[in-house]
Amino acid sequence: MLTRRRVQDIAINGHPEGFQLTKDSERIFVNVPTSRELAVIDRRAGKQVAKWDLRYHGNFPMALDEQDQRVLVGFRSPPRLSAYSMRDGTQLATVEVCGDTDDVFFDPKRARVYVSCGEGLLDVLERQDGRYQRVARIPTSPGSRTALFSPEQDRLFIAIRATPVEPAAVWIFRPRP
């Protein structure tokens, strides 16, 4: 049950967008697009312990690849996905993706990354030799960028915007093995 009181405040250098909590440590990774950085928070200490300056603009979505110790960050300008070392923030890889990225998910079963974009596309990337390669680009609908990947259900859900000819919908994808 939740209480109605705040238990901790952790200051960061701008408006936070996306954030991810690690399963195996006390870190929180926070995208701060207004300052083009990724803040690393120590939950136990209750403070920011590192700041990674980012090369591109519009760092909104992110996901963690804890198997390979990577933070995956989606950028809007230019449209890119970059992988950073969880240990020290070193950029390990970058690849062009669809425009207006909004959600990024890592599929640990397949070592794939799903990137949903307001451009009306879903990019599917696979990690190969430490890099990421697009293996599929699936049309969705312009403006439809909100998504959710459920590893437990092995499904990817995308919220599809209504158009003058089609009603709003949720599209459900089942990844191939």
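What to note about this one:
- Placing +1 on the Cβ of every Lys and Arg and -1 on the Cβ of every Asp and Glu, with no other charges, gives segment 38-177 a dipole of roughly 160 debye about its Cα centre.
- The smallest convex shape that holds all Cα atoms of segment 7-122, its convex hull, gives 104 Å³ per residue.
- Span from the segment 118-177 Cα centroid across to the segment 3-69 one, whole angstrom: 24
- Rounded to the nearest Hz, the phi-derived 3J(HN,Hα) couplings of segment 67-73 under the Karplus curve 6.51 cos²θ - 1.76 cosθ + 1.60 (θ = phi - 60°) are 4, 9, 6, 10, 9, 9, 10, where x marks glycine and proline.
- Accessible surface computed residue by residue for the chain, with neighbouring protein chains in place and a 1.4 Å probe, gives 56 Å² per residue.
- In the chain, Cα pairs under 8 Å separated by at least six residues give a relative contact order of 11 percent.
- Ordering 69-76, 138-145 by mean Cβ neighbour count within 10 Å, with the highest value first, yields 69-76, 138-145.
- The Rg/Rh ratio of segment 61-177, with Rg taken over Cα atoms and Rh as the Kirkwood radius over Cα pairs, comes to 0.98.
- Selection from 7, 32, 121, by position along the positive dipole direction of segment 1-154 (Cβ): 7
- Heavy-atom accessible surface of segment 28-91: percent carbon and sulfur, 1.4 Å: 44
The values are calculated or read from the model by the stated rules, or taken from the named source; none is laboratory data. A quick note: this is a predicted structure, and the numbers were derived from the prediction, not measured. Cβ sites come from the backbone with ideal geometry, for glycine too, and all protein chains shown count toward neighbours. Quick note on the areas: whole protein, heavy atoms, side chains included, nothing else; ligands and nucleic acids left out. Shrake-Rupley method; radii C 1.70, N 1.55, O 1.52, S 1.80 Å.
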